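Colleague: I have a structure I would like to understand better, so I am pasting it below and will then ask my questions one at a time.
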Amino acid sequence: MRLFVAVYPPRPVVDDLTAQVTRLRVGAAFAAGTNVRLADPANAHLTLAFLGDVEDERLVEVESTLGLAAETFRDGRDSSVRLRLGGGGSFGRGRFTVLWVDLRGDVAALATLSRLIRLGLRRARLPHDEKPFRPHLTIARPGDRIDRADILADRETLHDYQGPEWPADELVLVRSHPGPRPTYDRLAAWPL
């Protein structure tokens, strides 16, 4: 099964971002029928660690590792992790262009949590991606279906975006089902 670990923003935060996306050029292109592959707001998440394919029989180990990481993180904190979506940008070129919104607030705490998770996965010899933690929330995968100038204009618009603040209070283990319209199943969760 294909797994990742995430923090999900609450519904009001996602609704605010969704309203912002409709005002972007990528949102207008979507409304006009262009397949710019807007991210489904129901799936909006911040990935802390990507495990990839994990054998079913190792799920208990994954859950134990994540539970310990969440507990260690909680024990080292005296206040909640306060986050907000704001700013943004794009990466990739041509048909691989992705538009994303940035993360603000207590990002250092989230990076610490990501390190604890990855350290636990490494110790348990569980698979995971070693790429550096770069917190962002994907909002669209327009590829080359809209002009590069429109992507750059959307990046400029996102620069001034500030979503509502929220407490990150739950770590979630997610099973992904990739494809043109990916779906996600929440398998387990731990309080932060």
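Colleague: Name the residues in the stretch 48-72 that are touching an Asp or Glu at 6+ places or on another chain (Cβ under 9 Å) and not hydrophobic (A, V, I, L, M, F, W, C), would you?
Modeller: Scanning the stretch 48-72 gives a single hit, GLY52.
Colleague: Would you check which residues across the stretch 49-72 are in contact with a strand residue (DSSP E or B) (Cβ under 8 Å, 6 or more places away or on another chain), more than 30 Å from ARG145 (Cβ to Cβ) and open to solvent by less than 70 Å² (accessible area, probe 1.4 Å) and list them?
Modeller: ALA49, LEU51, VAL54, LEU59, VAL62, GLU63, LEU66, GLY67, ALA69, ALA70
Colleague: Can I ask one more? Have a look at SER90, SER64, SER80 and point out the one that is among the small types (Gly, Ala, Ser) and modelled with pLDDT of 95 or more. Before you say what the answer is, go through the steps one by one.
Modeller: Working: SER90 fails: modelled with pLDDT of 95 or more; SER80 fails: modelled with pLDDT of 95 or more.
From the options SER90, SER64, SER80, the qualifying one is SER64.
Colleague: Okay, next question. Please work out which residue is surrounded by the most Cβ atoms within 10 Å (Cβ to Cβ), limiting yourself to the stretch 75-115 and to residues that are in a helix (DSSP H, G or I) and touching a strand residue (DSSP E or B) at 6+ places or on another chain (Cβ under 7 Å).
Modeller: LEU113
Colleague: Looking at the stretch 39-62, is at least one residue within 20 Å of the chain's Cα centre (by Cα), touching a residue at least 40 places away in the same chain (Cβ under 8 Å) and over 18 Å from LEU3 (Cα atoms)?
Modeller: Yes, the stretch 39-62 has at least one match.
Colleague: Now, a different point. Mind checking whether some residue in the stretch 121-144 is surrounded by 13 or more Cβ atoms within 10 Å (Cβ to Cβ) and in contact with a Pro (Cβ under 7 Å, 6 or more places away or on another chain)?
Modeller: Checking the stretch 121-144: not a single residue is surrounded by 13 or more Cβ atoms within 10 Å (Cβ to Cβ) and in contact with a Pro (Cβ under 7 Å, 6 or more places away or on another chain).
Colleague: Can you tell me which residue is modelled with the lowest pLDDT among those in the stretch 32-46 that are out of contact with any Ser or Thr (no Cβ under 9 Å at 6 or more places or on another chain) and among the polar types (S, T, N, Q)?
Modeller: Here the residue is ASN35.
Colleague: Test of understanding: among VAL26, VAL36, VAL13, which residue is open to solvent by less than 10 Å² (accessible area, probe 1.4 Å), touching a residue at least 24 places away in the same chain (Cβ under 8 Å) and assigned to a loop (DSSP other than H, G, I, E, B)?
Modeller: Of the residues listed, the single one that is open to solvent by less than 10 Å² (accessible area, probe 1.4 Å), touching a residue at least 24 places away in the same chain (Cβ under 8 Å) and assigned to a loop (DSSP other than H, G, I, E, B) is VAL36.
The values are calculated or read from the model by the stated rules, or taken from the named source; none is laboratory data. Computed from a prediction, not measured in an experiment: that's the story for all the values here. Because the Cβ atoms are built from the backbone with ideal geometry, glycine has one as well, and the counts that use them run over all protein chains shown. Quick note on the areas: whole protein, heavy atoms, side chains included, nothing else; ligands and nucleic acids left out. Shrake-Rupley method; radii C 1.70, N 1.55, O 1.52, S 1.80 Å.
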